[in-house]
Amino acid sequence: VSASTSQNDFTQDNFLDNGEKLRSTESSDVVNTLTLSSYINQKFNARTTLRAGILIESNAVDTDVRDRDNRPDLDGEGIPDWVQVRDLEETLTLYQAYAQMKHKISEKFTLNLGVHSQYLDFNESFALEPRVAVNWDFLPQHRLSLAYGIHNQTQPYPVLLFREEVEPGLFRNTNEDLDFTRASLFVLGFDYRPGG
């Protein structure tokens, strides 16, 4: 079990025609994360092992954005009015489960097979990620590796919780349904162990 927090603050100042400085944008994003992780290892025999586990990450997001850049002066005080672009407290939980099997085919070849899954409760995004790797120890200190896997990543919270101004003063959450960013990765590797 672990806990962490992060905070990003942003402010923007503009200068009016008379040289006066005016705060035009204020933004604060706070994320408090609580993580639970657990796994098991099982050795079936001298050649085959299995690792399986779960990871649950709960993110309490508090985001606040106010802006008056290029806004009208409706109250007549001579400066643009503040507009609340975003004011949101939301908890987003990411559930992950995985299993990985390592099998020594022979003295020179090792096969790794795995599957990883993710589920984000905020918008019900789900991803299943197969992974495979083969290692070839072709000389005592030399290894050649070939791997393939699909990897998914959640959108950054300021992007996922973004609100677009669809008409003056009316904001709508337009990115709530964004799915994971998905990538297929191919890896070719060479290892040399000088200590042998």
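The values are calculated or read from the model by the stated rules, or taken from the named source; none is laboratory data. Treat the numbers as computed from the prediction; the structure is a model and nothing was measured. Here the Cβ is made from the backbone with ideal geometry for all residues, glycine too, and neighbour counts use every protein chain on show. With ligands, DNA and RNA removed, areas are computed over all heavy atoms of the protein, side chains included. Shrake-Rupley method; radii C 1.70, N 1.55, O 1.52, S 1.80 Å.
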Test: residue in region 30-39 that is under 26 Å from residue 164 (Cβ atoms) and either open to solvent by less than 60 Å² (accessible area, probe 1.4 Å) or among the basic types (Lys, Arg) (or both): yes
Single unsatisfied condition, residue 115 versus (1) modelled with pLDDT under 90; (2) under 27 Å from the mean Cα position of the chain (by Cα); (3) among the hydrophobic types (A, V, I, L, M, F, W, C): (1)
Single match in 156, 72 (criterion: at pLDDT below 95 and closer than 30 Å to residue 2 by Cβ): 156
Search result, residues across region 1-29 that are in a loop (DSSP other than H, G, I, E, B) and open to solvent by 90 Å² or more (accessible area, probe 1.4 Å): 1, 17, 18, 20
Scope region 180-196; condition within 13 Å of residue 151 (Cα to Cα), open to solvent by 70 Å² or more (accessible area, probe 1.4 Å) and either part of a loop (DSSP other than H, G, I, E, B) or charged (D, E, K, R) (or both); matching residues: 182
Scope region 87-123; condition among the β-branched types (Val, Ile, Thr), open to solvent by less than 70 Å² (accessible area, probe 1.4 Å) and closer than 30 Å to residue 27 by Cβ; matching residues: 93
